C-alpha cells in the first residue's frame with residue numbers, strides 16, 4: 001500500500017511535535033516546560049511508538065498522567081482576533097467557509113467506498129484494513145489546502161490555530177486514546193468477572209427486570225467513568241449480559257448488544273471523559289465546558305430509563 005495508517009500517525013505526531021515546540025517557546029505560558037514535555041511525549045507515541053519497548057511507552061503514559069494530574073498542562077495567553085476582524089472575514093468569505101468542513105466527510109466517504117478500486121501498479125493506494133481512517137487523514141490535508149486557498153493564509157497559520165485549539169482542550173485531548181487503552185486493561189484484568197461476582201452477591205438478580213436494569217444502568221455508569229461505550233461494553237456484557245441475561249434468562253444476545261451500546265451512549269452524553277463529544281464542541285464555541293453536558297442531560301436520562309423497559313420487552317419475546 002502507498003498510504004497506510006502509519007502515515008496518519010506520523011501526521012498526528014508531527015502536529016503534536018510542532019505544538020510542543022511552540023509551547024516551549026511561548027514565554028506567556030507559565031507552565032511551558034511541563035506542558036511542552038507533555039505534548040512532546042504524546043507526539044513520540046505517534047512518531048516512534050511502535051519502535052519503543054512497551055514498558056517505555058507505558059512509562060511515558062504514566063508521566064503524562066502525573067504532569068496533567070499536578071496541573072502541568074496549561075495554555076499560553078494567545079491574542080485572539082477582534083470581533084471586527086472576525087466579522088470582516090466572515091463577510092468576505094460568506095458560505096465558502098463551509099466548503100473545507102464539508103470536504104472532510106465527503107473525501108473520507110469517497111476514499112472509503114472507492115479504496116478497493118484505487119490501485120497503482122498492483123499496489124493499493126489506501127490501506128485496505130484502515131481505509132476509513134486513512135481517507136480521513138487525506139481529507140484533513142486536502143481540506144487544509146482548501147482553507148489556505150480560500151483565506152490566503154499559510155499552513156503555518158493553520159498550525160497556530162491548531163495549537164490554540166489544543167491549548168483550549170488541554171490534557172482532555174488525550175482522553176479518547178487513553179480510555180480506549182483502559183478498556184483493554186480492564187478486560188485483561190478480569191474486571192468483568194469482578195462485576196459479575198459483585199452484582200450476583202449483593203443484588204437480587206433472580207428478578208429479570210432487576211437484572212436488565214443493572215445491565216442498562218451499569219453500561220451507562222461504566223461509560224461515564226471510562227468515557228467510552230466500547231470500553232464499557234466488554235466489562236458489563238462479560239459480567240452481567242452474557243452470564244445472566246443470556247445464560248440464565250435466555251435472552252436474545254443481538255438485542256442485548258444493541259440496547260446495551262445505546263445505554264452506553266447515554267453515559268457518553270453525561271461525562272466530560274468523552275472529551276471529543278462534550279469538551280471539543282464547548283471549546284470550539286468558547287462556552288462553559290460543561291454546557292453541552294447540561295443540555296444533553298434530560299435526553300440521556302429519559303432515554304436510559306426507556307432502554308430498561310425496551311430491553312426487558314424486546315430481549316425476551
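The values are calculated or read from the model by the stated rules, or taken from the named source; none is laboratory data. Since the model is a prediction, treat every value here as computed from it, not as a measurement. Counting neighbours? That spans all protein chains shown, and the Cβs are built from the backbone with ideal geometry, glycine included.
For the criterion of being assigned to a helix (DSSP H, G or I) and loosely packed, with under 13 Cβ neighbours inside 10 Å, residue 87 passes.
On inspection, residue 82 fails the criterion of being over 25 Å from residue 132 (Cβ atoms), exposed (fewer than 13 other Cβ atoms within 10 Å of the Cβ) and in contact (Cβ under 8 Å) with a residue 24 or more places away in the chain.
Conditions tested, residue by residue: (1) free of Cβ contacts under 8 Å to residues at least 12 places away in the same chain; (2) touching a helix residue (DSSP H, G or I) at 6+ places or on another chain (Cβ under 8 Å); (3) assigned to a helix (DSSP H, G or I).
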site: 131; (1), (2), (3): no, yes, yes
site: 137; (1), (2), (3): no, yes, yes
site: 141; (1), (2), (3): no, yes, yes
site: 145; (1), (2), (3): yes, no, yes
site: 153; (1), (2), (3): yes, yes, no
site: 165; (1), (2), (3): no, yes, yes
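Yes/no matrix, rows are residues, columns are (1) closer than 25 Å to residue 134 by Cβ; (2) in contact with a strand residue (DSSP E or B) (Cβ under 9 Å, 6 or more places away or on another chain); (3) in contact (Cβ under 8 Å) with a residue 24 or more places away in the chain:
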position: 7; (1), (2), (3): yes, no, yes
position: 24; (1), (2), (3): no, no, no
position: 51; (1), (2), (3): yes, no, no
position: 75; (1), (2), (3): no, no, yes
position: 106; (1), (2), (3): yes, no, yes
position: 110; (1), (2), (3): yes, no, yes
position: 113; (1), (2), (3): yes, no, no
position: 116; (1), (2), (3): yes, yes, no
position: 122; (1), (2), (3): yes, no, no
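Checked against the criterion of being outside any helix (DSSP H, G or I), out of contact with any strand residue (DSSP E or B) (no Cβ under 6 Å at 6 or more places or on another chain) and modelled with pLDDT of 90 or more, the candidates 270, 262, 304, 310 yield just one match: 270.
For (1) modelled with pLDDT of 90 or more; (2) closer than 21 Å to residue 159 by Cα; (3) not assigned by TED's automatic domain parsing to the domain that holds residue 115, each residue gets a yes or a no:
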site: 2; (1), (2), (3): no, no, yes
site: 20; (1), (2), (3): yes, yes, yes
site: 28; (1), (2), (3): no, yes, yes
site: 31; (1), (2), (3): no, yes, yes
site: 37; (1), (2), (3): yes, yes, yes
site: 51; (1), (2), (3): no, no, yes
site: 57; (1), (2), (3): no, no, yes
site: 68; (1), (2), (3): no, no, yes
site: 74; (1), (2), (3): no, yes, yes
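I'd like the full set of residues that are assigned by TED's automatic domain parsing to the domain that holds residue 264, farther than 25 Å from residue 228 by Cα and crowded, with 16+ Cβ neighbours inside 10 Å, limited to segment 156-211. If the condition is that a residue be assigned by TED's automatic domain parsing to the domain that holds residue 264, farther than 25 Å from residue 228 by Cα and crowded, with 16+ Cβ neighbours inside 10 Å, then 205, 208 are the ones that fit.
Among the residues of segment 282-294, none qualifies, meaning not one is farther than 24 Å from residue 169 by Cα and modelled with pLDDT of 90 or more. Scanning segment 36-84 for residues that are within 20 Å of residue 165 (Cα to Cα), in a helix (DSSP H, G or I) and more than 21 Å from the chain's Cα centre (by Cα) returns 36, 37, 83. For segment 212-228, taking the residues that are modelled with pLDDT under 85 and part of a helix (DSSP H, G or I), the one that is surrounded by the most Cβ atoms within 10 Å (Cβ to Cβ) is identified as 226. Remark: residue 231 falls outside the filter, which requires a residue to be closer than 30 Å to residue 298 by Cβ, modelled with pLDDT of 90 or more and assigned to a helix (DSSP H, G or I).
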